[in-house]
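Visitor: Got a structure here, written out as structure tokens. Questions coming.
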Amino acid sequence: MFPAPQLNDMTELVAAAKKVASARHPVSFSGAGLSAESGIATFRDKNDNALWSKFNPAELASQDGFKANPELVIDWYNARRQTAAAAQPNAAHTTLGARKGWIHITQNVDTLLEAGGVSPENVLHLHGTLDEDHCNNQCGYSSKVNMLAPEGLKHCPRCDAYLRPSVVWFGEQLPENVFNQALHAVQQCDLLLVVGTSAQVMPAAGLIDIARENGAHIIVVNKENTPKTHSEDTVLIGSAATVLPQLFTS
Ligand SMILES: [Zn+2]
């Protein structure tokens, strides 16, 4: 259970909204909390599809899990894809989508920021996306997935290895090119808006420190305070869909 939402200090909220409005190189960094109100279950949610509740995501979302039972892993991802395909962007996504000039770094594998109006080239998916497969043999082949009607386990047309979802599994490195772009963005930004993530997973958590060290102001929007919060940061407690529209008022 989350603690009861606190009412944010209006002075702090207004000051944060001014910082958002005046930022010249703003960047957002989001996690599961951004999409929670769109009905996207996280690994930690207990209300995930009951069919899959007996499986451990950490075992399914891994190369070992895929080797042990590739059909099971693909079926699980396809269930997640259909859930994601049915989800609608919430007020947080559309608020970010309405504001141009931002770069959005996200840990989310859904594409609700894009559905909410953000240009795909301005979204950096640190953990990949559900709407793509690539060759598990890393031959370079990749293909888009029909999220509403995903096919079962398939072979790579180039090398006959299995295709796998283009998401980062446990034990895997973040995609280097995407991470480098994210690194560049936080080094250049003057405002980093951290939304719906406890930001405790490295190396993503380090991006916040890098932004701060480079002089950016940090605004954290989360349902609960995070251990990463420094005294000079602004912390706004509440859901992303509630707080973001209040932040982007001007
Ligand atoms: Zn291949």
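What follows draws every value from the coordinates through simple rules; no lab data is involved. Just so we're clear, the structure is a prediction, and the values are computed from it rather than from any experiment. Neighbour counts are summed over all protein chains in view; Cβ atoms, including those assigned to glycine, are modelled from backbone coordinates with ideal geometry.
Visitor: Counting other beta carbons within 10 Å of each Cβ, put PHE66, PHE29 in order, fewest first.
Guide: Arranged by neighbour count, lowest to highest, PHE66, PHE29 become PHE66, PHE29.
Visitor: Any chance you could give the angle, 0 to 90 degrees and rounded to 10, that helix 204-213 forms with the longest Cα principal axis of the chain?
Guide: It is inclined by approximately 30 degrees.
Visitor: For GLU224 and ASN177, what is the calculated FRET efficiency with R₀ set at 30 Å and r taken between the beta-carbons, to the nearest 0.05?
Guide: In this case the efficiency is close to 0.35.
Visitor: In terms of the Cα gyration tensor, with a ≥ b ≥ c the square roots of its eigenvalues, is the stretch 131-201 rounded because a/c is under 1.5, prolate because a/b exceeds b/c, or oblate? Walk me through the intermediate numbers first.
Guide: Numbers: a/c = 2.64, a/b = 2.07, b/c = 1.28.
Since a/c reaches 1.5 and a/b is larger than b/c, the shape of the stretch 131-201 is classed as prolate.
Visitor: Return one number: the angle in degrees, 0 to 90 and rounded to the nearest 10, between the long axis of the Cα atoms of helix 10-22 and the longest principal axis of the Cα atoms of the chain.
Guide: Roughly 70 degrees between the two axes.
Visitor: Around LYS154, which amide H atoms from residues at least 5 apart in sequence, or from another chain, sit under 5 Å from its own amide H, with H modelled in the peptide plane?
Guide: LEU163
Visitor: Would you mind pulling out the separation of the Cα centroids of the stretch 184-237 and the stretch 120-169, in Å?
Guide: With the stretch 184-237 and the stretch 120-169 each reduced to a Cα centre, they are spaced 30 Å.
Visitor: Additional query: Please get the size of the charge dipole for the chain, origin at its Cα centre, with Cβ charges of +1 on Lys and Arg and -1 on Asp and Glu, quoted in debye to the nearest 20.
Guide: 300 debye
Visitor: For the stretch 131-173, which chymotrypsin sites (Phe, Trp or Tyr not before Pro) are in a loop by DSSP, counting at most 16 other Cβ atoms within 10 Å?
Guide: Answer by residue number: TYR141.
Visitor: Continuing with the same structure: For the chain, take the longest principal axis of its alpha carbons; what is the angle in degrees between that and the long axis of helix 70-86, to the nearest 10 within 0 to 90?
Guide: Long axis of 70-86 versus the principal axis of the chain: about 40 degrees.
Visitor: Quick check on the chain: helices-only [θ] at 222 nm, where DSSP H runs of length 4 and up contribute -39,500 (n - 2.57) each and the sum goes over total residues. Nearest 500, please.
Guide: Result for the chain, helices only: -9500 deg cm²/dmol.
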